[in-house]
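The values are calculated or read from the model by the stated rules, or taken from the named source; none is laboratory data. The model shown is predicted, which means the values in this text are computed figures rather than measured ones. Positions of Cβ are backbone-derived with ideal geometry, glycine not excepted, and every protein chain shown enters the neighbour counts. These accessible areas exclude ligands, DNA and RNA; they are computed on the full protein's heavy atoms, side chains included. Shrake-Rupley method; radii C 1.70, N 1.55, O 1.52, S 1.80 Å.
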Amino acid sequence: MYRLLEKTDEEPVASLLTGKVSSGMTRPLPSTVVSDLAKIVGHEHVITDPDRLLVYESDGLTAYRRPPRAVVLPSSTEEISAVVGLLHSNGIEVIPRGAGTGLSGGALTTPEGVIVGTARMNRILKIDVENRIAIAQPGVINARLTEATNPYGLYYAPDPSSQSTCTLGGNVAENSGGPHCLKYGVTARYITGLTVVLAGGQIVEIGGVGRDPYATLDLVGLFVGSEGCFGIATEIELRLLPITEGVRTLLGIFESVESAGRAVTKIIACGLMPAAVEIVDGPTIKAVEASVFAAGYPLEAGAALVIEFDGTEAGLDLDADRAEQCCLEEGAIEVQRATDPEHRVKLWRARKKAFGAMGRIAPDLLVQDATVPRTKLPEVLAGIDDIGNRYGLKIANVFHAGDGNLHPNILFDRQNQNELELVERASKEIMQLCVDAGGTITGEHGVGVDKRKYMTLVHGPAELEAMAAAKRVFDPASLFNPGKVLPEVEVKGATDTAKILATGE
Amino acid sequence: MRVDLTDSLSRLLPEEAFGHSVPSSLWTALRTDVETVVAPGSAEEVATILKWASEMGVRVVPIGTGAHTYPRYPRDPFIVLTTSRLNEIQHYEPADLTMTASAGASIRDLSTEMATHGQWLPFDPPDVPNRTLGGLVATGLSGPLWAGYGQLRNHVLGATIVCGDGRALRLGGKVVKNVAGFDILKVMVGSRGELAVITSVTVRLFPLPVVDRLLVLEATDVSELVSTARAVATAPIMPASIILSATSDGGRLLVRLHGARVSVEADQKSLEKHTGVSFEVRNTPEAESLLVQERGSGIDTELVVRVWALPSRIGVLLDLLKQVPGVSLNADVYGGSVRAYLPVNLSDIESSLAGLQKDIEELGGTIRVLRIPAEVDASSYFAKPLVDEGELAAGLKRAFDPHAVLWGIE
Amino acid sequence: MTGAPVYEALGQALDAQQERLLPCVHCGFCLPACPTYNRLGNEADSPRGRLHLMQAVVEGRLEPSSEAFRTHIDRCLGCRACEPVCPSGVEYGTLLELARETAAKAAPQGLPTRVLLKVLGNRALRSPFFFIGRLLRGTRLAALGATVLPSYGPLRAGRLVLAMLASTTRWQPMASGDAISGNTDSGSDDVSRRSRVAVLLGCVQEGLFTRINSATVRVLEANGYEVVLVEGQDCCGALHAHGGDLERARMLARTNIRVFEASGAEFIAVNAAGCGAAMKDYGTLLEGDPDFVQRAEEVALAVRDVSEILASSGPRIGASIPCKIAYDHPCHLLHAQGVEHAPITVLEAVPDAEVHIVTDAEECCGGAGIYGITHPELGGLIGGDKVAAVRACLADAVATPNPGCMMQIGAGLRLEASNEGVIHPVELLDESYQRAGFYRVRGAE
Ligand SMILES: Cc1cc2nc3c(=O)[nH]c(=O)nc-3n(C[C@H](O)[C@H](O)[C@H](O)COP(=O)(O)OP(=O)(O)OC[C@H]3O[C@@H](n4cnc5c(N)ncnc54)[C@H](O)[C@@H]3O)c2cc1C
Ligand SMILES: Cc1cc2nc3c(=O)[nH]c(=O)nc-3n(C[C@H](O)[C@H](O)[C@H](O)COP(=O)(O)OP(=O)(O)OC[C@H]3O[C@@H](n4cnc5c(N)ncnc54)[C@H](O)[C@@H]3O)c2cc1C
Ligand code: SF4
Ligand code: SF4
């Protein structure tokens, strides 16, 4: 039965959320381990000075902070293997880290952990134009792969909003999505093979274009989205797509987010396949317009809908016409259309700058992430609005409407202890609302430490135990990123099912 | 070996679960004539059967139609579990482009329902209309259409399964994006009935293309077709599928284009420009029958192998395979696989296969036997049981089917 | 926390900046823009990491005198490539200056930094300093030294300094066959009634690049601007601010504000990107000075890079100079001032000058003031990449409108015995105008 493999105290050691500050004291690594690590990667790539380790105390979610015992920055599969082998043989937990842009605390260390970063593994090893694949090290930045393959008329499709900085390794671990994943699918669809360093430093190759995909289990598919808990991806084989010929971008302004939501349903229902469909709601528009990133949207607008079509030039205007029609039928106040790159950037601006703009208008911001079936968007948005009102919190929504992936941004002030508590409760209600609507607790940011508490909303004890079992297959001693993804369940007797169910609520 | 069901199992299940028949080809695939078939009517009944089997030390082979079961050599007593009674559409929300149906539902029935809403499931492995949804997912096959639509595994959003020891699990969900926890669902796609019995599946659907155009190019010189086919596969536009079929007398290239009329027309022009050839266009009824012919060709062939290599190596593979006398070939040019239907009168099948295997491996490819006459022993060319596929696969097998109730390929 | 006395005395400057630090949401977007992070891979050498260290100082979790704080704040190039990519608009440059001040007060800086800042901030010390420099250059001793001194060991820094000096020599473009071809502009028109413009002379510019200052004046005049000479102006204070000596920077700023205000000029033309960036930030520098902040902001608003002024009125077209010019963005123009096209427009006013943008032109050359001297290894790495990118252009000369960058790239090229000249864009325009006969220059500088 489901039992937790490791015990960690994931109280937010927050300074941002609670104003509290962690002591920053971690147990130093034994000096023999440090010198052995230095022998593998060079001493300048082993960071043990507690002051310097501070910068590794959190990822993109700063509510959780804890400095690691050390950070190691290897440069090859062999080095990672040796580093992991050494650490694991000393019983030391390994926490993989890419660019640290994760929004669920995935790269947060355990109290006894050592971070293995991929910052120096940033080479693209191969671009195979004939077969449309590339092989890259995990520290390669998502957008760099597209830049490198553009000259061959190819690109890498998954485009998380953080693509200018997040790493392919992080993308694999989180199965990242992005605006254009509506048409093109998320990371999992593009990962064809992996070289992985497993527990104890064992190197395995899984998948690979040209190998019979039906010969064995889809281990690549299982590894993608494993949030650093199964091993470290050290070489990634990815599928590339040909650059599409043309693009049309539409911006529809609506009076309410509900009518924008209905327009989305209509567009999809009439058989169109947009590349991206994104909604920016009224509060977000106001935030953007009030910030240095003002895009000139009408302030009274209830929602802006960005729709993009790509593909063969010849069909695009037709698609755009039909989408425009759908918007107008659902009461759009105006619809703009862009064909040239500059205009396109302008139409996207409010969407792209929303995150930063909100960082400027509110002292603190909690980016939530959940998915609901697309048809449930209007009712769920109304529900979120209601939750915000009841708790007196400002909630702004910017989201991937096409695939029902919501990002409610809760604005608050951490100085206000009372508000913190409300944020926590509102978050939980939003999660419950989405799950009740047939959705789930995360669409692309992963579970990490932050969402473990919500896992029981979507999974029963049997499912959680099955996930734990899958982890044990890869990492029997739980030395890779422990304390993530799976919720903590207090189990007194090993088979005390009643208790597990009780915590499963 | 025969298992006596009358006493223990029959008491656990309603009468409707018994007395079902399966195609005789199944017994060939299983190398046996044991006819012990049970058809559970619910996931609970599936769990009952598997728990019973665990206790009794009986093995279970789950099937959809049974028409496409991998070749297996049962050694222990076993029964066949058919999903034929699990066949309803549980949930269909056209506006969300998602459908949930029981594992035994046939693709043909599901497609009929989807088509009324202008939607479909864009996968076309051999004989797809006759497959079950569960069988499709258990084999993980996408068919050549994955060039344009991606693989089946990326469009399976959720499933309910019953593990070998009778544990029922709900995996994934109904939404397109879902990263809440480890993606166990992925290993179920393509697990060929060795980890769990799939009881229902949620899939993402697609709008039917406005225009489905088939471009055809025929030639007696296959290598000429290969270079055109590769040029199509590396063109700036992405066709829905690229199939090349060949015999020793010549071949045929089929390129499928999907989209609005204007874009399909523009795509055809750009392909013709890129490849320097002009294609014949086949319209719907004729195109459909051509495709059915390609997809279903050799469905009754008793000796079928599949070869994989990098897509860019497809030419050399075909060059090699077409030398086998009487062979008929069907290649997915984008994906890099070739199905070869071999004549059964092939002299000395075992050594011929061994020779082919050696040559193909030298070219960097792999060969797998899909069907073989019962009297031939070619077990080394079959898919290996999961326990032999490395520690990770073996570990997953133990995790989901701890008592090895679900039959592996032996 | 520990170290309260030190912290109280020093953390205040940063503490007052909470509002500037808080918008950092730790998103990491700035990481790939940072030359030091890209090369070292250590997040403490990234913008986000440095901000995190600053925040830790403010929170009292880190001693400003700690080796970690000093090292990583010191290792920052100050190139501000991290600013334009930041979605939250974190004002990194300002924070860096405060962090440097905090660090400098907590523990003394290295000798070269201290000496140089002292010298540059003081006119009396400055002129003999640059006089020696010009002497070494004029006698070609600098060039000689740069070739004979070893590239390793303690003399390495000396070698670099001499190479930098040698590289400030004027580049002579090829004579053009047809002196006035391409001069389609009669030179009369409306160019005669434009605004009054003051020119910042600067310290290094005045000391080693007098020719650029003269060219700036001539070129502006040829475009119809009335150039006023502003007496009593001083070094802009940029190097001091970057070095953490904010007090001296503020002193210099006040002097400049006084004299430029009095000049009655509508614009202040600056031909050194670093100085322009600093002057455009005078308002922030003096925000704690109620008497001056208003005046500082007004002066800052009048500051323009010389190329901005020329580009805004569309520079007159000069005579042909057939040559290939590689253009490299100075960080303090592109990132700090957001000026990207204006200098290129200036170069394009020279017929037959073919302009190529250096690959990765937006990345720092590693000059960053005296970075190459204080951080020879990392500076060398960054500079080496830049020199390679410049050489790959196969150009006759590289143009970059900032003296620090000119010297850094120039030194790099010289040490690799590569022959490209190093110029400021207005120099080329000036030469082109001379060839076009807009004016004649008596004797070289
Ligand atoms: C402003 C902003 C916008 C964002 N937008 C999106 C978006 O649109 N879509 C989206 O999906 N996400 C988004 N994210 C979240 C984040 O960028 C992604 O999750 C990203 O994939 C994380 O990559 P990283 O390199 O930063 O990984 P990290 O944050 O460093 O690590 C993330 C997880 O991956 C593991 N990991 C890292 N490298 C490896 C490896 N080589 N092998 C195994 N495990 C590894 C870590 O242990 C950790 O659990 C956004 C984040 C920010 C700050
Ligand atoms: C001409 C020809 C060509 C072929 N080409 C290929 C090929 O290219 N690639 C390939 O892999 N195979 C190929 N096969 C083999 C065969 O196509 C597959 O096994 C088939 O995909 C399954 O369809 P089905 O629904 O009828 O299921 P079945 O035939 O009943 O079962 C197929 C497999 O899935 C399992 N299964 C079925 N339902 C369930 C369930 N609910 N839960 C768990 N497991 C289940 C069964 O155990 C069995 O292993 C070919 C066969 C023929 C005759
Ligand atoms: S980009 Fe801006 S907000 Fe993001 S980490 Fe860097 S400084 Fe902070
Ligand atoms: S100023 Fe330049 S070197 Fe310093 S942190 Fe920013 S990008 Fe890095």
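When only the Cβ of Lys, Arg, Asp and Glu is charged (+1, +1, -1, -1), the dipole of chain B relative to its Cα centre reaches about 940 debye.
For A:LYS39, the aspartates and glutamates whose Cα falls under 15 Å of its own Cα, not counting residues fewer than eight places away in the same chain, are A:GLU78, A:GLU79. Distance between the 7 Å Cα→Cβ label points at B:THR284 and B:VAL216: 1.8 nm.
Take the Cβ atoms of C:ASP352 and C:VAL441, set R0 to 22 Å, and the FRET efficiency comes out at 0.55. Within region A:124-242, the ratio Rg/Rh, alpha carbon atoms throughout and Rh by Kirkwood, equals 0.94.
Remind me, relative contact order of chain B in percent, using alpha carbon pairs under 8 angstrom and six or more residues apart? Display every interim value, and only then the final one.
On the way: 845 pairs, mean separation 64.8, N = 410.
It comes to 16 percent, rounded to a whole number.
Scalar couplings 3J(HN,Hα) for region A:52-66, obtained by applying the Karplus form with A = 6.51, B = -1.76, C = 1.60 to θ = phi - 60°, are 6, 5, 3, 6, 9, 7, 8, 9, x, 10, 7, 5, 10, 9, 6 Hz; x denotes Gly and Pro. Per-residue SASA remark: B:SER84, around 50 Å² accessible (1.4 Å probe; ligands, DNA and RNA not included).
Given R0 = 30 Å, the distance between the Cβ atoms of A:ASP128 and C:GLU362 translates into a calculated FRET efficiency of 0.50. Stretching the chain fully between B:GLU361 and B:ASP300 yields a gain of 19.2 nm (0.36 nm per residue, less the alpha carbon separation). For C:SER127, B:SER241, the ranking by accessible surface with the largest value first comes to C:SER127, B:SER241, using a 1.4 Å probe. Note on A:ARG390 and B:MET56: their simple-model spin labels are 5.2 nm apart, each label 7 Å out from Cα toward Cβ. Rolled with a 1.4 Å probe across the full set of protein chains, the surface gives B:LEU208 an accessible area near 70 Å². Taking amide hydrogens as placed 1.01 Å from N in the peptide plane, the amide H of A:ILE133 sits under 5 Å from those of A:ASP128, A:LEU240, each at least 5 positions away in sequence or on another chain. Note on B:ASP348: accessible area approximately 90 square angstrom, rounded to 10, probe 1.4 Å, nucleic acids and ligands left out. Please say if chain B is rounded, prolate or oblate, where rounded means a/c under 1.5 for a ≥ b ≥ c the square roots of the C-alpha gyration tensor eigenvalues, and otherwise the choice is prolate for a/b larger than b/c and oblate otherwise? It is oblate, given that a/c is not under 1.5 and a/b is not larger than b/c. Couplings 3J(HN,Hα) for region B:128-144, derived from phi with the Karplus relation 6.51 cos²θ - 1.76 cosθ + 1.60 (θ = phi - 60°), are 4, x, 8, 7, 9, 4, x, x, 4, 5, 5, 8, x, 6, 10, x, x Hz, where x marks Gly and Pro. Taking amide H positions as modeled 1.01 Å from N, with prolines and chain starts lacking one, the residues under 5 Å from C:VAL303 and 5 or more places away or on another chain are C:ILE268.
For region A:405-412, backbone phi angles converted through the Karplus equation (6.51, -1.76, 1.60; θ = phi - 60°) give residue-by-residue couplings of 8, 8, 10, x, 9, 9, 9, 7 Hz, Gly and Pro being listed as x. Here the spin labels are modelled as points 7 Å beyond Cα on the Cα-Cβ line, and at A:ALA477 and B:GLN293 they lie 6.3 nm apart.
C:LYS105: which lysines have alpha carbons under 25 Å from its alpha carbon, excluding same-chain residues fewer than 8 sequence positions away? Correct list for C:LYS105: C:LYS118.
Can you give the FRET efficiency to the nearest 0.05 for B:SER24 and B:GLN323, using r as the Cβ-Cβ distance and R₀ = 45 Å? Each step should come with its number before you reach the end.
Details: r = 33 Å, r/R0 = 0.74.
Efficiency at R0 = 45 Å is approximately 0.85.
Across peptide B:259-270, the average count of Cβ atoms from other chains found within 10 Å of a residue's Cβ is 5. Peptide C:27-40 shows a mean partner chain C-beta count of 5 within 10 Å per residue C-beta. Quick one: of A:LYS266/A:LYS451; A:LYS126/A:LYS266; A:LYS484/B:LYS186; A:LYS376/B:LYS186; A:LYS451/B:LYS397, which pairs are farther than 31 Å apart, Cα to Cα? Listed pairs above 31 Å: A:LYS266/A:LYS451; A:LYS126/A:LYS266.
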